[in-house]
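The values are calculated or read from the model by the stated rules, or taken from the named source; none is laboratory data. Given the structure is predicted, the values throughout are model-derived calculations rather than measurements. As a convention, Cβ positions derive from the backbone with ideal geometry for all residues, glycine included, and neighbour counts pool all protein chains shown. Only protein heavy atoms, including side chains, enter the accessible area calculation; ligands, DNA and RNA are left aside. Shrake-Rupley method; radii C 1.70, N 1.55, O 1.52, S 1.80 Å.
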Amino acid sequence: MAPPKEDNIFLSVIEQHKGIIYKIANSYCHHAEDRKDLIQEIIFQLWRSFDRYNDQYRYSTWLYRIALNVAISFYRKDSKRTAGAHELTADILVVTEETADTEQLQLLQRFISELPELDRAIMLLYLEEKSYKEMAEILGLTETNIATKINRIKGKLKNKFSTIHHS
Amino acid sequence: MEDILLKEMWAAYDKKLEKSLALNKRLITEIQTQKASAALRPLKTIKIIAVILGIIWSAFLSGLLILSLKYFSFYNLFFIISTMAVITITIAAIVVYIKQIVQIRQIDNNRSVVDTQKALLGLQMSTINIVRVLMLSAPFYTTFYFNKTMFENGSIGLWVLQLTITFIISTLAIWFYRNAKMEHAEKPWFKFIFGTSEWTSLTRAMHFLQEIEDYEKE
């Protein structure tokens, strides 16, 4: 078992990046129960690989790689309840204060969740204002490739928004 | 929708989450204590069980084969050939399963998304190949019991029925071997054979692999 110090560092890394985990889970899972399982699986996998964390990268790079890998693999499974961690009865991430999303934000979330898996990952990273270099490290694609793709995805989203506004 | 607006919307979402999202620290502590006990993933466990059962089955058949060779006669030739074929195919499947267990151990979510997903997709595709190869052993299960009594006393009716069964199963096995490939994944029979959940997972894997390849071509 990891020493308590490591436990605490892990906890603070998760606390600091809980929003990222939630947003990724939200983008790859539509149903609340699946999302709960995915969040649990992501945190479980993060903990499993925490002692292999390579400090050559930022915590966020490490966390994005694992969270996206787990989310994409999870999304591919049809029967979701196969998470590696044991069943937990409560939510790890709890939304304490319900505030209604704006219509625009709901649309943006919907459009992102309709993108193919890799495009979805790129868009999430783009909106999180990651540099092309970090995006390339997380995804394993070239910076040029990513730049081209971002422009295309933005174009697609723009079209979707304008179609909605005109209809 | 301007670029800046997208980012502003996302920043507002961030702000909202910052306020409203709480981490259940007790559950994180619970997960931290599960690390050792849950290290063996279900997928790997199933494959390890398959390898063990495969080894037991092959050892049992090998024992019978040795006995048949010791007391060799023309009439147990069918048993010998069928058993040898089943053993060979089972061993081939065991080797692939062992390779998969090694691959599962090497899969690391810590690597880039494309690298990890490619490794996972390769693993998923090789599972279909195991099923295809194992199916080739099916016809031999319809021939191993040909014996002296059947040759000496078997009626024409019995032989017609027996050979029809062998022919049908051989045809199906060869057809399955030739057709159960990912390029046929969208066909209804594929979905029927592999089950809805496995099919969904495989087709998503295939589409994702295509997506990765398209990215890399650009």
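At a probe radius of 1.4 Å, figure out the A/B buried accessible area, summed over both chains, and give it in Å² to the nearest 100.
6200 Å²
Quick check: Cα centre of region A:17-83 to Cα centre of region B:44-61, how many Å?
After rounding, the separation between the Cα centres reads 33 Å.
In whole Hz and in residue order, list the ³J(HN,Hα) couplings for region B:179-186 that follow from phi through the Karplus curve 6.51 cos²θ - 1.76 cosθ + 1.60, θ = phi - 60°; x for Gly and Pro.
Those phi angles translate into 9, 6, 10, 4, 5, 9, 4, 7 Hz.
Considering only DSSP states other than H, G, I, E and B, which GluC sites (Glu not before Pro) in region A:116-167 qualify as loop sites with at most 15 other Cβ atoms within 10 Å?
The qualifying sites are A:E129.
Counting pairs of alpha carbon atoms under 8 Å apart in space and at least six apart in sequence, what relative contact order in percent does chain B give?
Relative CO of chain B lands at 19 percent.
Which residues of region B:188-215 bury at least 30 Å² of accessible area once all protein chains are present, versus their chain alone (1.4 Å probe)?
B:S197, B:S201, B:R204, B:F208, B:E211, B:Y215
Sort chain B into rounded, prolate or oblate with this rule: let a ≥ b ≥ c be the square roots of the eigenvalues of the Cα gyration tensor; rounded if a/c is under 1.5, and if a/c is not under 1.5, prolate when a/b is larger than b/c, oblate otherwise.
It comes out prolate by the Cα gyration axes.
Within 10 Å of each Cβ in peptide A:40-53, how many partner chain Cβ atoms are there on average? Round it to a whole number, please.
Shielding by partners across A:40-53 averages 3.
Taking only C-alpha pairs under 8 Å that are 6+ residues apart, what is the relative contact order of chain A in percent?
23 percent
Based on the mean of other Cβ atoms within 10 Å per residue, sort peptides A:154-164, B:147-157 so the most packed one is first.
A:154-164, B:147-157
Rolling a 1.4 angstrom probe over the protein chains, ignoring ligands and nucleic acids, what is the accessible area of B:W57 in square angstrom, nearest 10?
Accessible surface of B:W57 is approximately 90 Å².
Most fluctuating residue of B:K19, B:K44, B:K99 in a GNM of chain B with Cα springs under 10 Å: which is it?
Ranking B:K19, B:K44, B:K99 by mean-square fluctuation puts B:K19 first.
Could you tell me whether chain A comes out rounded, prolate or oblate from its Cα gyration tensor? Rule is a ≥ b ≥ c as square roots of the eigenvalues, rounded for a/c under 1.5, then prolate if a/b exceeds b/c, otherwise oblate.
Cα axes put chain A in the oblate bin.
What 222 nm value per residue comes from the helices of the protein assembly as shown, counting each DSSP H run with n ≥ 4 as -39,500 (n - 2.57) and dividing by all residues, nearest 500 deg cm²/dmol?
Helices in the protein assembly as shown give a 222 nm mean residue ellipticity of -24500 deg cm²/dmol.
Excluding same-chain residues fewer than 8 positions from B:K148, which aspartates and glutamates have a Cα within less than 18 Å of its Cα?
Partners found: none.
With the other protein chains left in place, how much accessible area per residue, in square angstrom, belongs to the protein assembly as shown at a 1.4 angstrom probe?
The answer is 52 Å² per residue.
Please give, to one decimal in nm, the separation of the simple spin-label points placed at A:R110 and A:Q16, each 7 Å out from Cα toward the Cβ.
Output for this residue pair reads 3.7 nm.
Can you tell me which lysines have their Cα less than 23 Å from the Cα of B:K47? Leave out same-chain residues fewer than eight positions away.
Output for B:K47: A:K77, A:K80, B:K35, B:K99, B:K118, B:K181, B:K191.
Applying 1/(1 + (r/R0)^6) with R0 = 25 Å to the Cβ-Cβ distance of B:M125 and B:L161, what FRET efficiency is obtained, to the nearest 0.05?
0.05
Return the average number of partner chain Cβ atoms within 10 angstrom of each residue Cβ along peptide A:63-72.
For peptide A:63-72, the averaged partner shielding equals 4.
I'd like the orientation of helix A:4-28 relative to chain A: the angle between its Cα long axis and the longest Cα principal axis, in ° from 0 to 90, rounded to 10.
20 degrees
May I ask you to give the percent of accessible area on region A:90-166 that is carbon plus sulfur, with a probe radius of 1.4 Å?
50 percent
Taking R0 as 35 Å, what FRET efficiency do you get between A:I164 and A:E129 from their Cβ-Cβ distance, rounded to the nearest 0.05?
Efficiency for this residue pair is about 0.90.
Over the heavy atoms of A:T96, what accessible area does a 1.4 Å probe trace out, to the nearest 10 Å²?
Approximately 90 Å² of A:T96 is accessible to the 1.4 Å probe.
Just to confirm a number: summing +1 for Lys and Arg and -1 for Asp and Glu over residues other than B:I128 whose beta-carbon lies under 10 angstrom from that of B:I128, what do you get?
With Lys, Arg at +1 and Asp, Glu at -1, the neighbours total +1.
With each label point set 7 Å from Cα along the Cα-Cβ vector, what nm distance links B:A92 and B:K148?
Each label point is offset 7 Å from its Cα along the Cβ direction, giving 3.4 nm.
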